[in-house]
Amino acid sequence: EGSAIEQLAQVEVVLLDKTGTLTEGGPRITDLIFAEGSDPDLVLSLAASLEQTSANIVARATVAEAKLRGLALSMAADVKEIHGHGLSGTVAGYKIKVGQPTIPMQPWANLSNALLVEIEVDGKVVGYLGLDDPLRKESFETVKHLKTLGVKRVVMVSGDRQATVENIANQLGVTEFFAECTPTQKLEILKAEKLAAKGTVLVVGDGINDAPALAAADVGIAMGAKGTTAASQAASVVIVEDSIRRIANAIDISQIARTRALQASTIGMSLAIVAMFAAAFGFLNASQAALVQELIDAASITWALVGRKRKL
């Protein structure tokens with residue numbers, strides 16, 4: 001929509017989600033560890049049975065791992081999802097919780113993966129899943145381009161662990177970041193940024209936990225290729241191609257469009273005033289004045305529509 005294009009041209013602060021936005025968004029389970037005496041196949045199948053009710057990308061990875069191992073999945077009941085934290089429910093008579101690890105973690109959990117999922121059965125922690133989600137190749141380039149386009153601050157806001165978020169931030173050269181954020185906390189961060197910023201505050205995300213912030217932002221951009229429907233519906237702009245580079249492209253195009261529109265209106269009004277004075281002092285008759293105005297309008301519209309070479 002037109003307002004989104006105009007606001008994109010004046011972006012001052014960009015709030016970036018990590019998983020699925022800066023990273024590939026397709027985390028894979030690379031490590032599994034289970035409590036002594038537990039049945040690994042049973043624990044994983046119970047977790048996957050619960051996770052299949054969620055659209056979260058981490059949940060999808062758990063389900064994919066269970067299917068890869070040929071494990072049977074059951075229907076979950078009484079499912080409750082706390083977006084950004086995890087799920088709870090009942091599977092085959094067991095009370096299951098799957099989500100972010102509690103602190104402190106179990107002493108036998110010696111995983112150091114980028115993402116960790118804790119599995120609790122009947123109130124007891126019985127397993128952890130370690131996932132890795134590689135950084136997108138274009139993420140560093142995109143953050144750099146955002147700054148060249150006039151973005152004053154790039155802030156990473158994620159629900160993941162502090163160490164994981166800090167590691168990604170260091171790789172990208174992002175000095176401001178928030179970790180272990182719930183959707184409500186993301187919304188509070190956004191509100192604070194909007195109060196402090198003079199220009200537009202842009203939020204970029206792809207998950208259902210990003211939807212509240214996407215809807216409340218001056219402009220929300222959803223990574224629609226792998227993202228959830230809720231994120232796409234809440235956002236002002238949806239990037240259908242799975243490339244974060246398009247965020248910088250969108251801002252660049254918006255800046256070009258706004259500049260050309262302002263130039264066209266200024267030129268058009270200036271020439272129209274000149275023509276009005278010329279007609280007032282008898283240099284143009286009514287027919288000539290009308291023709292000149294039409295030419296001015298055509299020239300202004302043409303100037304507004306003619307693009308220039310992109311910065312990126």
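At a glance:
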quantity: Considering residues of region 119-174 that are closer than 16 Å to Thr102 by Cβ and acidic (Asp, Glu) only, the residue most open to solvent (accessible area, probe 1.4 Å); calculated: Asp122
quantity: Pairs with Cβ under 7 Å, 6+ apart, first in region 271-282 and closer than 14 Å to Ile296 by Cα, second part of a helix (DSSP H, G or I); calculated: Leu271/Ile296; Ala272/Gln293; Ala272/Ile296; Ala275/Ala289; Ala275/Val292; Ala275/Gln293; Ala275/Ile296
quantity: Filter pass, Thr30 being part of a helix (DSSP H, G or I), in contact (Cβ under 8 Å) with a residue 40 or more places away in the chain and under 30 Å from Ile239 (Cα atoms); calculated: no
quantity: Residue identified as over 30 Å from Thr148 (Cβ atoms), of a type outside the set (D, E, K, R) and crowded, with 18+ Cβ neighbours inside 10 Å among Thr23, Thr90, Thr62; calculated: Thr62
quantity: Only one of Ala163, Ala109, Ala169, Ala72 that is hydrophobic (A, V, I, L, M, F, W, C), closer than 19 Å to Ile247 by Cα and not in a strand (DSSP E or B); calculated: Ala169
quantity: Residue among Ser54, Ser49, Ser45, Ser38 that is open to solvent by less than 10 Å² (accessible area, probe 1.4 Å), of a type outside the set (A, V, I, L, M, F, W, C) and over 21 Å from Ser112 (Cα atoms); calculated: Ser49
quantity: Candidate set from region 212-245 (those that are of a type in the set (Gly, Ala, Ser) and in a helix (DSSP H, G or I)); member that is most open to solvent (accessible area, probe 1.4 Å); calculated: Ala215
quantity: Output for region 75-84, where each listed residue is farther than 26 Å from Glu180 by Cα and part of a loop (DSSP other than H, G, I, E, B); calculated: Met75
quantity: Which listed residue is within 18 Å of Thr19 (Cα to Cα) and in contact with a Gly (Cβ under 6 Å, 6 or more places away or on another chain), from Ile57, Ile82, Ile119; calculated: Ile57
quantity: Any hit, region 275-296, residues being within 30 Å of Ser158 (Cβ to Cβ), surrounded by fewer than 15 Cβ atoms within 10 Å (Cβ to Cβ) and of a type outside the set (Ser, Thr, Tyr); calculated: no
quantity: Among the residues listed as Gln255, Gln263, the single one being open to solvent by less than 50 Å² (accessible area, probe 1.4 Å), polar (S, T, N, Q), assigned to a helix (DSSP H, G or I) and closer than 27 Å to Ile5 by Cα; calculated: Gln255
quantity: Residue tally, condition in contact with a strand residue (DSSP E or B) (Cβ under 7 Å, 6 or more places away or on another chain), under 16 Å from Pro27 (Cα atoms) and in a loop (DSSP other than H, G, I, E, B), over region 133-157; calculated: 3
quantity: In region 184-211, the residues that are modelled with pLDDT under 90 and open to solvent by 20 Å² or more (accessible area, probe 1.4 Å); calculated: Ile208, Asn209
quantity: Boolean, Ala92 is hydrophobic (A, V, I, L, M, F, W, C) and on the phi > 0 side of the Ramachandran plot; calculated: yes
quantity: Among (1) part of a helix (DSSP H, G or I); (2) of a type outside the set (Gly, Ala, Ser); (3) out of contact with any Leu (no Cβ under 6 Å at 6 or more places or on another chain); (4) open to solvent by less than 10 Å² (accessible area, probe 1.4 Å) - the single one Val13 does not satisfy; calculated: (1)
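Table: residues versus (1) within 24 Å of the chain's Cα centre (by Cα); (2) in contact (Cβ under 8 Å) with a residue 60 or more places away in the chain.
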{"position": "His85", "(1), (2)": "yes, yes"}
{"position": "Ala92", "(1), (2)": "no, no"}
{"position": "Trp108", "(1), (2)": "no, yes"}
{"position": "Val117", "(1), (2)": "yes, yes"}
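The values are calculated or read from the model by the stated rules, or taken from the named source; none is laboratory data. Quick caveat, the model's predicted, so the values are computed rather than measured. Cβ atoms come from the backbone with ideal geometry, glycine included; neighbour counts cover every protein chain shown. All accessible areas refer to the heavy atoms of the entire protein, side chains included, with ligands and DNA or RNA removed. Shrake-Rupley method; radii C 1.70, N 1.55, O 1.52, S 1.80 Å.
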